[in-house]
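Trainee: Handing you a structure now.
Throughout, read-outs are computed from the coordinates displayed, never taken from laboratory work. All figures in this text were calculated on a predicted structure; none of them were measured in a lab. So basically every Cβ, Gly included, is an ideal-geometry build from the backbone, and we count neighbours across all protein chains shown.
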Protein chains: 2
Amino acid sequence: MRQTELFTKTLREVPKDEVAVNAQLLTRGSFIHKEMAGVYDYLPLGLRVLNKINNIIREEMNAIGGQELFLTSLQDKDLWEKSGRWDDKVVDNWFKTKFKNGTEVGLGFTHEETLAALMKNYISSYRDLPIFVYQIQTKFRNEKRSKSGIMRCREFIMKDLYSFTRTEEELDEFYEKAKKAYMNVFERCGLGNLIYITFASGGTFSKYSHEFQTLSEAGEDTIYIDKKKKLAVNKEVLNDEVLADLGLKRAELEEAKAIEVGNIFKQKTKFSEPLDLTFTDEDGKCKPVIMGAYGIGPGRLMGTVVEVHHDDKGIIWPKSVAPYQIHLVSLCKTDEEKKQADKLYDKLIKQDKEVLYDDREASAGEKFADSDLIGIPLRYVISSKTLEEGSVEIKDRKTGKIKMEKI
Amino acid sequence: MRQTELFTKTLREVPKDEVAVNAQLLTRGSFIHKEMAGVYDYLPLGLRVLNKINNIIREEMNAIGGQELFLTSLQDKDLWEKSGRWDDKVVDNWFKTKFKNGTEVGLGFTHEETLAALMKNYISSYRDLPIFVYQIQTKFRNEKRSKSGIMRCREFIMKDLYSFTRTEEELDEFYEKAKKAYMNVFERCGLGNLIYITFASGGTFSKYSHEFQTLSEAGEDTIYIDKKKKLAVNKEVLNDEVLADLGLKRAELEEAKAIEVGNIFKQKTKFSEPLDLTFTDEDGKCKPVIMGAYGIGPGRLMGTVVEVHHDDKGIIWPKSVAPYQIHLVSLCKTDEEKKQADKLYDKLIKQDKEVLYDDREASAGEKFADSDLIGIPLRYVISSKTLEEGSVEIKDRKTGKIKMEKI
């Protein structure tokens, strides 16, 4: 992509109320645009990053047998009344609206009820199980406050996977698989060594759920980590019983701030029972389907990557999620030099490289500052100086290392 | 994909209120699932079709310089008050909801206001123009009635492209390009010979807009077509002045029912003026940006394909948008035969073919009926009979032609 054709530009100013580093850098780099508090558009560079994250997630979910579908945001009140989650006193972050005929409808913040109802078409016998489905789809949550940039939004993309199994053992088995798949996702997105699988409240249905927490000062959560065991406990559930359960010692735990990038729950029959999702087992008995839910917020993941991979100049994207792999910055002045730069761009494109080509008329200083802000892993500088040597200068955004390469 | 692993099944029953053929066939084939009237989920097979359509659209939009972004559904009241479109008396199909603090917000049915405001960050000089952006994103429209299946939904995916140009001439030039790109999309989706570019009302901003109408008895629109000139006029604007304008004769026109699958508008300064989206021209003068909007409903397009490509047995997908290219139906009984079928499946997958493999234990009759309903272009039947000849039987879903091929 030629930068002269890309409609966005880096911005000097960000909204004054934007306090989160992720929102500041992503806004200045024109990855995102704020519509309202907690409501962000994805601009072309941001959408490229988001799609890369989504595809990593997709690959890992497909690898554990996930089948992708796409559910609606509009939610049928009747279904949610069955599970007892329609009431604003039970769920305090609903957005609700109305059809023209007055029928109240909700905007989905999750999809257990929808899927439990839908699956009644497809599950009747134990032979139909297990089923694992997921979607990458927009969720709405009416947050009271929203000041963490794209990490806590009122409207956001979520990957939510749901498991439907015959027994709790099958649920446990898949749950462990999902844990590994989640770690693969975070590893591949460049968060590997910062992620702690964290014990958190299991709500009314399980003793624990698990959160995937990323160590970061920008986090809204407080967790207690055991560095050796690579385990953590959310502050909310830290007590003697839990420590004993997990074989952890209070004295060996460190307090840390963290960002939750994923969570997994064993919901068992919490939703299948009220929604009457049952199957006939081998023994001829009618039993409720056992459910689990597994969430990752790709947008929040993107924000987290920025929080942990940046410096005072800008973002430092891991290769796996970078909007482009190469930022070709031309400092060429004469027509002949510019022709050489164009030639190099064409050559890289022919090699199927993902290149953002800064072919703008601007000063070297401005171009370098923009390049550091946007944070593409490799910066290729082509100038009269490098052309004298028949070379391009390659700088690694992360290490700062520079080398020359013949072109 | 092995059909034993695909969680969906064909269904015998569809909701009783489902009158549209597209909804009946797509529901029975488990491409979609109805949540409420005009609110449909996409199940795995349906999502595959939708993604193919979206990718065709994406390629054609990129080819004319479109840059993809992704805007939010939640809409800021202030922006829409500026254009005068917040009022329910002006726009009668808004869905509106509220933040916890009481602030009213809308759910986007289109995005001119949002983009005009956003572009103020990126457009200041004539040098910044033209800009063409598009998204494939969920729209909400509070339709009073919704009985045409996925062709008129309350929540639906839409591809909306917006052009920002310096002059009306530039708008006209891009508008013609977009017309061609649209025809490419419909051609590639298998609607080519049924599409009529149809003159329709230009609203308050232009004499005409153009609709892309597909001839079909299932259509909600009435148009008057000139078969020779491949032009049509929407009934709404059919009058002597229009006929004279277009050089058409009333006597040469035929009345026809049609489905609108796309529409393009020259909005000029209708939104840029109230939202104060201006640029400084070469002559130093401040001028409003000239806008155009270009919409396609991928879900409606999918529904239209079904309306025009089906028979009494089921859907007949064009190759370009089919969920899979080959439906491998195994009638094998013995373990040895089944091994041969598995081997053929593996071989096709290795050849990068998209295959749905019916490896279920079911009767030939049931399998053939399901295969016809799902409508994959080629049916490969492998059975003891075909294996005797070392062959597979290939049947074309559209022509019904059968041939044997060595495996």
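Trainee: Based on the Kirkwood radius over alpha-carbon pairs, what value in µm²/s does the Stokes-Einstein equation return for the translational diffusion coefficient of the range B:143-200 at 25 °C and 0.890 mPa s?
Mentor: In µm²/s, the coefficient rounds to 174.
Trainee: Over the whole of A:62-73, what's the average partner chain Cβ count within 10 Å per residue? Rounded to a whole number, please.
Mentor: Whole-number average of other-chain Cβ neighbours for A:62-73 is 6.
Trainee: If all Cα-Cα distances of the range B:324-406 are sorted into 10 Å bins from 0 onward, what percent lands in each bin, rounded to whole numbers?
Mentor: 19, 57, 24, 0
Trainee: Let me ask something else. How many nanometers, to one decimal and shortest first, lie between the label point of A:ASP346 and those of its other copies, if labels sit 7 Å from Cα toward Cβ?
Mentor: Output for A:ASP346: 4.6 nm, nearest copy listed first.
Trainee: Determine the gain in length on full extension of the stretch B:ASP92-B:GLU354; use 0.36 nm per residue of separation and subtract their C-alpha separation, reporting nm with one decimal.
Mentor: 89.9 nm
Trainee: What does the net charge come to around A:LYS179 if you take all other residues with beta carbon closer than 14 Å to its beta carbon, with K and R at +1 and D and E at -1?
Mentor: Computed value for this residue: -2.
Trainee: Right, something else. Measuring nothing but label to label, 7 Å from Cα along Cα→Cβ, what are B:GLY84's distances to the other copies in nm, shortest first?
Mentor: Sorted ascending, the copy-to-copy spacings read 5.2 nm.
Trainee: How much net charge surrounds A:SER216 when only other residues with a Cβ under 13 Å from its Cβ are counted (Lys, Arg +1; Asp, Glu -1)?
Mentor: -3
Trainee: Place +1 on the Cβ of every Lys and Arg and -1 on the Cβ of every Asp and Glu in chain A, take the dipole about the Cα centre, and give the residue among A:GLN67, A:SER330, A:VAL305 whose Cα lies farthest towards its positive end.
Mentor: Farthest towards the positive pole: A:SER330.
Trainee: Taking every residue in A:27-37, how many Cβ atoms of other protein chains lie within 10 Å of its Cβ, on average?
Mentor: Counting other chains' Cβ atoms within 10 Å and averaging over A:27-37 gives 4.
Trainee: Relative to 2.2 N^0.38 Å, what does the C-alpha radius of gyration of the range B:242-353 come to as a ratio? Two decimals please.
Mentor: Normalised by 2.2 N^0.38 Å, the Cα Rg of the range B:242-353 equals 2.01.
Trainee: Please compute the Kirkwood hydrodynamic radius of the range A:220-295 from all pairs of different C-alpha atoms, in Å with one decimal.
Mentor: 15.3 Å
Trainee: Would you tell me the mean number of C-beta atoms belonging to other protein chains that fall within 10 Å of each C-beta in A:139-147, as a whole number?
Mentor: Other-chain Cβ atoms within 10 Å of each residue's Cβ, averaged: 2.
Trainee: Using per-residue counts of other Cβ atoms within 10 Å, averaged over each peptide, order B:173-182, A:52-61, A:262-271, B:23-32 from highest down.
Mentor: For the peptides B:173-182, A:52-61, A:262-271, B:23-32, the packing ranking is B:23-32, A:262-271, A:52-61, B:173-182.
Trainee: So how far, in whole Å, is the C-alpha centre of the range A:59-131 from the one of the range A:335-385?
Mentor: About 47 Å separates the Cα centre of the range A:59-131 from the one of the range A:335-385.
Trainee: For the peptides B:300-310, B:319-329, what is the packing order when you average, over each peptide's residues, the other Cβ atoms within 10 Å and list the highest mean first?
Mentor: Highest-to-lowest ranking by the protection proxy: B:300-310, B:319-329.
Trainee: Could I ask something else about it? With a 10 Å Cβ neighbour count serving as the proxy for reagent exposure, in which order, fewest first, do B:SER272, B:SER148 appear?
Mentor: With the sparsest Cβ surroundings first, the list reads B:SER148, B:SER272.
Trainee: Under the 0.36 nm per residue contour assumption, what length would be gained going from the current alpha-carbon distance of A:SER320 and A:GLU217 to full extension?
Mentor: Gain in length upon complete extension: 34.7 nm.
Trainee: State the Cα centre-to-centre distance between the range A:169-205 and the range B:281-314 in whole Å.
Mentor: Spelled out, the Cα-based centre of one part sits 41 Å from the other.
Trainee: Okay, moving on. Treating the point 7 Å from Cα along Cα-beta-carbon as the label, what are the nm separations from A:ALA364 to the other copies, to one decimal?
Mentor: Once sorted, the set of distances for A:ALA364 reads 7.8 nm.
Trainee: Now a separate question. Which Cβ of chain B lies nearest the axis of the rotation superposing B onto A, and at what whole-Å distance?
Mentor: Result for the axis mapping B onto A: B:THR97, 2.
Trainee: With an 8 Å Cα cut-off and a minimum separation of 6 or more residues, compute the relative contact order for chain B in percent.
Mentor: It rounds to 17 percent for chain B.
Trainee: Next up: Suppose we keep just the alpha-carbon trace of the range B:135-247; what are its Rg and Dmax in angstrom?
Mentor: 15.5, 42
Trainee: How compact is chain B by the rule of thumb for globular proteins, expressed as Cα Rg over 2.2 N^0.38 Å?
Mentor: Dividing the Cα Rg of chain B by 2.2 N^0.38 Å gives 1.13.
Trainee: Sticking with this one: As an exercise, take the mean of 1/r over every pair of distinct alpha carbons in the protein assembly as shown, invert it, and state the Kirkwood radius in angstroms.
Mentor: Roughly 28.9 Å, rounded to one decimal.
Trainee: How much length is gained on full extension from A:SER125 to A:LYS227, taking 0.36 nm per residue of separation minus their Cα-Cα distance?
Mentor: The A:SER125-A:LYS227 span can extend by a further 32.2 nm.
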